[in-house]
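First comes the structure, then the notes that go with it.
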Amino acid sequence: QDRPSNHLSTRGAANMSEPGGSVRVLVTGGSGLVGRAVQEVVADGAGLPGEDWVFVSSKDADLTDAAQTRALFEKVRPTHVIHLAAMVGGLFRNIKYNLDFWVSVRAPCSTGNFLVGVRKVVSCLSTCIFPDKTTYPIDETMIHNGPPHSSNFGYSYAKRMIDVQNRAYFQQHGCTFTAVIPTNVFGPHDNFNIEDGHVLPGLIHKVHLAKSSGSALTVWGTGRPRRQFIYSRDLARLFVWVLREYNEVEPIILSVGEEDEVSIQEAAEAVVEAMDFHGEVTFDTTKSDGQFKKTASNGKLRTYLPNFQFTPFKQAVKETCAWFTQNYEQARK
Ligand code: NAP
Ligand code: GFB
C-alpha cells in the first residue's frame, strides 16, 4: 500500500553543514529497531548529498566503557549525533533489571564532556519515563513532576538525566543538545524475544509459534491497558527532521495522537488479523499489566508538522508481521 506522503522530503531540508564545513552524523544504536529504520530512511533519500552517516553498534564500541566511547568519538569525529544506544526492553525485562537499565542508559552520558564541539546531539527518552501519577494528556513539561512507574524506575530516572544534561550543556557551553520522547515503537528489526521484548513483537512471535503448533495465543495481563504505538519508519523520518530543523533544548514528544491510542486487546486483535490467526486467544491475568496508560499529547509536534501523516496502525502491524515471517531465521527472538 502507498506510504503516507510526508512532506519531510529533502527538498528544501535545512542543510546542516556550516559554510565550508562537512557533516558527519554518528548514529549510536544503529543496529537496533530505531537505528535500522533511520538507516533505511537515510538510504531512501532523507540523507543529503555530502553528508556522511555512520551507524554503530556495541561491536564498534561499548558505550558503557568511557575509553571505548572516547575512542569512538575521536575516530568518527561527528558533527552531529543521534544517540539511540541503550539497553531496551519491554515491561517484563524492565521489572527484572532496573539497575542494568540505569547503568546502560547513564553510562554513555556520564563520560565527561566529550560532546563539546559536536554541533548537535539528539538523544532518545521515552513516554514511559513520565510520572506515574499524572494528569492526561502528558506533555513535555511534565518529565520531572513526580516518580515514574515502579516497573522501570531505573530506565526512567536515567533517561531523565539526559534531559538534565542537555540543559547543562546548553547553559554552560551553549550547545543545542536536545531529546525526543517517542511512545512505544515497533517495526522491522525489533527485538521479538518473548520474555524481554515489547508487547507487539512479543505477540507477533507468539502468534507465529501458535500457528505452527496449533495452540492458543496467550496475551499477558488483562488486555485493558492502553498504548500509543509509533511505527519505526515514521519515527525515523521524524528523527531526521529533528536533527535538521528542531532547535529547542526542550524535548519533543514523537507520537501518534491521543485518538490513536489502543488497548492491548485491540493491539492483539490487529496482530491476529495481520497474521491470519484463527486459534483461541486467552488472557493470562497472573501477568502484570504494568502502567495502565501513558497517554501523551503530540500537540507540540503538530505545531511544527501539522500535516505529518503516520502510517495507519493496522498497515504498520501488517508490514511488521510480514517482515518477521520473511526474516524469521535472522530476527532477534
Ligand atoms: P534496540 O533495538 O534494543 O537497539 C539498541 C541499540 O543500542 C542496538 O544497536 C545496540 O547495539 C545498542 N546498544 C545497546 N547497548 C549498548 C552499549 N553498551 N554500547 C553500544 N551500543 C549499545 O532498541 P531500540 O528499540 O532501537 O531503541 C533505541 C532507542 O529508542 C533507545 O534509546 C530506547 O530507549 C529508545 N526508545 C525505544 C522505544 C521502543 O518502544 N522500542 C520507545 C521509546 C524510546 P547491539 O545491536 O550491538 O546490541
Ligand atoms: O511493550 P510493553 O512490554 O511495555 O507492554 P510497556 C506491556 C503491556 O502489554 C502490559 C501487555 O500491559 C502487558 O501485560 N502484554 C500482553 C504484553 N502480552 C504481552 C507480551 O506478549 N509481551 C509483553 N511485553 N507485554 C515499556 C517500558 O512499558 O515501554 C520500557 O517498561 C519502554 O521502559 C517501553 O519505555 C517503551 O509499554 O508497558
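The values are calculated or read from the model by the stated rules, or taken from the named source; none is laboratory data. All figures in this text were calculated on a predicted structure; none of them were measured in a lab. Neighbour counts run over all protein chains shown; Cβ positions are idealised from the backbone, glycine included. Only protein heavy atoms, including side chains, enter the accessible area calculation; ligands, DNA and RNA are left aside. Shrake-Rupley method; radii C 1.70, N 1.55, O 1.52, S 1.80 Å.
Can you pull out every residue in the range 139-158 that is under 20 Å from Phe292 (Cβ atoms) and within 13 Å of ligand 2 (Cβ to nearest atom)?
Going residue by residue through the range 139-158, those that are under 20 Å from Phe292 (Cβ atoms) are 139, 142-143, 145-153, 155-156.
Passing the criteria: Pro148, His149, Ser150, Ser151, Asn152, Phe153, Tyr155, Ser156.
Residues that are of a type in the set (A, V, I, L, M, F, W, C), over 16 Å from Leu200 (Cα atoms) and modelled with pLDDT of 95 or more number at least 1 in the following helices (runs of 4 or more DSSP H) confined to the range 215-333: 232-245, 299-304.
Restricting the first member to the range 26-41 and to residues that are open to solvent by 10 Å² or more (accessible area, probe 1.4 Å) and part of a helix (DSSP H, G or I), and the second to residues that are more than 9 Å from ligand 1 (Cβ to nearest atom) and among the aliphatic types (A, V, I, L, M), the beta-carbon pairs closer than 6 Å and six or more apart or on different chains are Val41/Ala236.
For the range 74-83, taking the residues that are surrounded by 19 or more Cβ atoms within 10 Å (Cβ to Cβ) and of a type outside the set (A, V, I, L, M), the one that is farthest from ligand 2 (Cβ to nearest atom) is identified as Thr79. Test Ser215 against the criterion of being open to solvent by 10 Å² or more (accessible area, probe 1.4 Å), more than 22 Å from Arg36 (Cα to Cα) and within 22 Å of the chain's Cα centre (by Cα), and give yes or no. No, not satisfied.
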